[in-house]
Amino acid sequence: MNRNFFILVLGLGILVLGLAFLIFTKTMQTPSCQPGELPEKFIHQHEVSDFDKEVFEKRREVILENLDADIIVMSAGAGVDFRYFTGFDERRGIAVFIPGDEKPFRLFVTPWEVYTVMWTGEVYGTEGALEKFGADAAHPIGDFDEMLPELLHGKERIFVHGNDNRIRNEVDRILQATGQQAGIHDIQPVLEEHRVIKDEWEIAQLRQAVDVTVKAHQYVLRTVEPGQAEYEVQAEIEYIFRRNGLTPGFSSIVGSGPNSCLLHHTRNDRTMKDGDLLLMDIGAASLGGYSADVTRTIPVNGTFSPEQREIYELVLKASDAAMEKMQPGYHMLDCNHKAMEIMVEGLHQMGLIPDTTSWWQKRFYIQHRVNHYIGLETHDAGDYGFDTDKRDEHILTPEIRGREILPGMVMTLEPGLYFMENLLDGIHEMFGHLATEEELNAFVEEVRPVYEKYEGIGVRIEDDILITENGYENLSAGAPRTIREIEAAMKR
Ligand code: GLY
Ligand code: MN
Ligand code: MN
């Protein structure tokens, strides 16, 4: 009896110990995120191709309709226009297009060779040029120089690309050597204008890029905290890009505290403090090479201070009002002027711009225009209908409106206000040519007590806007944008 009782106690003891061990080891594991695990909501759900043969065939057809070209010769040296024309994304490649020829579209590519592939990675080769990219003929790139005179023979209207010096020189040399009479034309402006209006495939590319970028912003709202370095936030952002199979379209700007005032801060090496703002200007690039460009500014500790809130509300108000001007019927700079009007009025109310008729007093706070095209380049190619080199003259001149806004354009909207520390001390350097010493000193004396309250605050809110037939769609609306949305998303 005693022996049975002893065995029972021993058995129960072992059971209790076993259970205790099991519970102990379970509680020591992090419950939610195993390595490699990422909640569904941070994964892009739609399938997006890196290339579509029909899209590119149709594109070339439309471009050629108005060109009256006998031949187009263009290499990867032309930059992204080459990819726009062919879809081909290797570092080396040459396209020759001869309308009406029995083989109109030829690609010259790096051939598949064992040592090339072993050392530099897989290439499409001539087979890929035919099958994937729809070329009618494909040749090793080494054959190009020998074949070019024959291809050019008898052609009168020859198109090359302005950035493509080697091809242009080679065509020149052949024409001179053979005495062939021909006109050489530049295809660059044609392609750049074409790129302004995005087709459906391009819009799908941009949607993917923006969606993944939005997910990165959402992810940071869950993870960021004082004591982290800016590069840790950058790593979280680019982790989301990579986990979705994408790459950064440009160097991520992650600026906290005073760095939020530096427009292109990319060192990202500062340790963030409680009370800092954090400005993240980031963009993933889609598989087809289209880059998003979305900025959010958030409080590192989850709550905006009263001064941060004031500036943020003003920039947001400018953004909301300006967005309404991004529709067919308006012009390119109308949104800019609307944003400026609101920000200038707000700064005036705050005592920061005593005289709103003074150009330089306004310009002191206004650092950049609020929109640019996005696409294969972050600042995408295309005409704006005004001289973009004369930015300073247009930024505060409402009469200059730029070209009409059209459906299919995709642009950023990115108003920002930046209170860089000691900027007032630089005012003589900035505007000494426009105002007297006395005027500048009087301005500094009047605004300094107010300005100092906001020093170190930089706010930019940047969205990616698709112009539709009757309005617009904010592609990046999913990244929390209002103070309420941001603070709610940061509550842990
Ligand atoms: N990331 C550069 C820009 O916002 O234009
Ligand atoms: Mn940006
Ligand atoms: Mn931008």
| message | Looking only at residues that are among the hydrophobic types (A, V, I, L, M, F, W, C) and away from ligand 1 (no atom under 14 Å from the Cβ) in region 408-425, which one is surrounded by the most Cβ atoms within 10 Å (Cβ to Cβ)? | response | MET409
| field | Which listed residue, of GLU150, GLU102, is outside any helix (DSSP H, G or I), surrounded by fewer than 14 Cβ atoms within 10 Å (Cβ to Cβ) and over 31 Å from the mean Cα position of the chain (by Cα) | value | GLU102
| field | Count of region 445-477 residues which are outside any strand (DSSP E or B) and either hydrophobic (A, V, I, L, M, F, W, C) or within 16 Å of ligand 1 (Cβ to nearest atom) (or both) | value | 7
| task | Give the number of residues within region 367-425 that are part of a loop (DSSP other than H, G, I, E, B), over 19 Å from ARG296 (Cβ atoms) and either out of contact with any Phe, Trp or Tyr (no Cβ under 7 Å at 6 or more places or on another chain) or within 16 Å of ligand 3 (Cβ to nearest atom) (or both). | result | 25
| query | On the given criteria, is VAL370 touching a helix residue (DSSP H, G or I) at 6+ places or on another chain (Cβ under 8 Å) and surrounded by fewer than 22 Cβ atoms within 10 Å (Cβ to Cβ)? | reply | no
| field | Single match in GLN327, GLN361 (criterion: more than 16 Å from ligand 3 (Cβ to nearest atom), of a type outside the set (A, V, I, L, M, F, W, C) and in contact with a strand residue (DSSP E or B) (Cβ under 9 Å, 6 or more places away or on another chain)) | value | GLN327
| said: Any residue that is in contact (Cβ under 8 Å) with a residue 60 or more places away in the chain, within 21 Å of the chain's Cα centre (by Cα), within 16 Å of ligand 2 (Cβ to nearest atom) and under 19 Å from TYR454 (Cβ atoms) - is there at least one of those in region 320-336? | reply: no
| request: Please state which one of GLY134, GLY142 is assigned to a loop (DSSP other than H, G, I, E, B) and either on the phi < 0 side of the Ramachandran plot or over 27 Å from the mean Cα position of the chain (by Cα) (or both). | output: GLY134
| said: Looking at PHE304 and the list (1) away from ligand 1 (no atom under 16 Å from the Cβ); (2) in contact with a Ser or Thr (Cβ under 9 Å, 6 or more places away or on another chain); (3) closer than 29 Å to LEU423 by Cα; (4) of a type in the set (A, V, I, L, M, F, W, C), which single condition is not satisfied? | reply: (2)
| task | Scan region 455-489 residue by residue and report those that are closer than 16 Å to GLU324 by Cβ and polar (S, T, N, Q). | result | THR468, ASN470, ASN474
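How many of the residues in region 286-296 are more than 8 Å from ligand 1 (Cβ to nearest atom) and crowded, with 24+ Cβ neighbours inside 10 Å? Write out each step before concluding.
Keep residues of region 286-296 that are more than 8 Å from ligand 1 (Cβ to nearest atom), which gives 286-292, 294, 296.
Imposing the further condition that a residue be crowded, with 24+ Cβ neighbours inside 10 Å reduces the set to 286, 290-292, 294, 296.
Residues in region 286-296 being more than 8 Å from ligand 1 (Cβ to nearest atom) and crowded, with 24+ Cβ neighbours inside 10 Å: 6 in total.
Among the residues of region 380-422, which ones are among the aliphatic types (A, V, I, L, M), in contact (Cβ under 8 Å) with a residue 60 or more places away in the chain and closer than 28 Å to GLU446 by Cβ? Walk me through how you get there before you give the answer.
Residues of region 380-422 that are among the aliphatic types (A, V, I, L, M), as a first pass: 381, 395-396, 400, 405-406, 409-411, 413, 417, 420.
Filter again for in contact (Cβ under 8 Å) with a residue 60 or more places away in the chain, leaving 381, 400, 405-406, 409-411, 413, 417, 420.
Within region 380-422, LEU417, MET420 qualify.
Values in this text are rule-based calculations from the coordinates and carry no lab data. All of these numbers come straight from a predicted model, not from anything done at the bench. FYI the Cβ positions are ideal-geometry reconstructions off the backbone, even for glycines, and counts take in every protein chain you see.
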